[in-house]
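First the structure, in the form of structure tokens, and then the observations on it.
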Amino acid sequence: MIFLFTDFGTGGLYVGQVKTVLQARAPKSPVIDLLHDAPPFNVKAGAHLLAALAARIPPGSVTLAVVDPGVGGSREPAAVLADGCWFVGPDNGLISVAAARAKKCEVFSIGWRPKELSASFHGRDLFAPVAAMLARGDRKTPTLKKAALAVSFGADDLGEVIYVDHFGNLVTGLRACKVPRDRGLVINGRAVRYARVFSDVKLGEVFWYENSLGLVEIAANSASAQQVLGSRPGDRLS
């Protein structure tokens with residue numbers, strides 16, 4: 001399987017072009033949209049969100065990850081084999097948290113280049129073909145050489161909002177297993193207490209809980225925590 005994680009958005013013309021390449025080069029591999037509305041240009045938030053989602057990606061799969069504001073610049077492409085899962089994308093930190101948290105990890109530089117490479121769309125022209133090669137089991141053609149990531153955010157948590165979902169819930173980069181349940185969190189000057197589920201608080205009340213990815217999420221019962229708190233990705237917690 002090939003999983004797609006990008007900040008391309010679902011309403012534009014980019015995702016379809018990537019899928020066209022994957023279909024042509026790896027027609028037997030199912031392509032699954034993991035996320036296409038990662039915070040635009042926010043590589044660090046994307047890295048922590050990808051790492052959380054990666055915990056449920058099955059071994060043997062390939063994840064094509066693209067949040068790449070430096071596309072066409074000096075950053076290099078990379079492939080990471082982390083706990084049996086491949087990650088392909090820019091070496092800008094995006095795949096570094098998943099790599100740092102893996103029990104077993106190998107990092108490779110990608111020497112292969114296509115005959116035609118757009119300066120602004122490496123997701124389609126470079127990363128998609130390499131992802132397809134790996135999905136087919138081909139580790140030789142993309143010319144993988146062992147290396148180290150040039151940019152790494154490490155394995156530590158990120159105490160800020162990394163994603164806002166459809167309901168206005170604020171997903172953070174904190175793993176809930178590391179936060180005591182009696183600890184109150186402060187965001188935008190507002191103290192937020194823990195609750196297990198939405199129905200444990202009053203309508204409209206803001207709280208934090210452990211979401212289905214195991215992350216601390218700030219929500220409101222039948223309301224948008226984003227609107228209540230005026231928050232967005234990048235807002236810090238204390």
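Could you run the Debye sum over the Cα atoms of region 27-112, one equal point scatterer each and no solvent, and tell me log10 of I(q)/I(0) at q = 0.10, 0.18, 0.21, 0.23 Å⁻¹, two decimals?
At q = 0.10, 0.18, 0.21, 0.23 Å⁻¹ the computed log10 ratios are -0.22, -0.75, -1.02, -1.21.
Tally Lys/Arg at +1 and Asp/Glu at -1 over every other residue whose Cβ is under 10 Å from the Cβ of L149; what's the total?
Here the charged neighbours net out to -2.
Compute and list, largest first, the equivalent-ellipsoid semi-axes of the chain from the alpha carbon gyration tensor, each √(5λ) rounded to a whole angstrom.
Taking √(5λ) for each eigenvalue gives 34, 18, 15 Å, largest first.
What are the ³J(HN,Hα) values, in whole Hz, obtained from phi via the Karplus relation 6.51 cos²θ - 1.76 cosθ + 1.60 with θ = phi - 60°, for each residue of region 113-120 in sequence order, with x given for Gly and Pro?
Rounded to whole hertz, the list is 9, x, 5, 10, 10, 5, 5, 10.
By a straight-distance test (C-alpha under 29 Å), which lysines pair with K145 as possible cross-link partners, with residues fewer than eight away in the same chain excluded?
Partners within reach: K19, K28, K44, K103, K104, K115.
Using 0.36 nm per residue, how much length does the chain from K202 to K28 gain when fully extended, once their Cα-Cα distance is taken away?
So the chain would gain 57.7 nm between K202 and K28.
R113 to H166: FRET efficiency via 1/(1 + (r/R0)^6), r the Cβ-Cβ distance, R0 45 Å, to the nearest 0.05?
Result of the calculation: an efficiency of 0.75.
Once you have all Cα-Cα distances for region 158-229, histogram them in 10 Å bins from zero and send the whole-percent values.
Per 10 Å bin, starting at zero, the Cα-Cα P(r) for region 158-229 comes out as 22, 63, 15 percent.
If amide H atoms are built 1.01 Å from N in the plane of the peptide, which residues on other chains or at least 5 residues away come under 5 Å of the amide H of L174?
L158, E160, V216
Report, largest value first, the span of the C-alpha coordinates of region 100-238 along each principal axis, in whole Å.
Result for region 100-238: principal-axis Cα extents of 58, 31, 26 Å.
Treating the angle as unsigned and between 0 and 90°, give the value, to the nearest 10°, between the Cα long axis of helix 43-54 and the longest Cα principal axis of the chain.
90
The numbers here are math on the coordinates, done by the rules we state, and not lab data. This one's a predicted model, so the numbers in the text were calculated from it and none came from an experiment. A quick note on method: Cβ atoms are made from the backbone with ideal geometry, for glycine too, and the neighbour counts reach across all protein chains shown.
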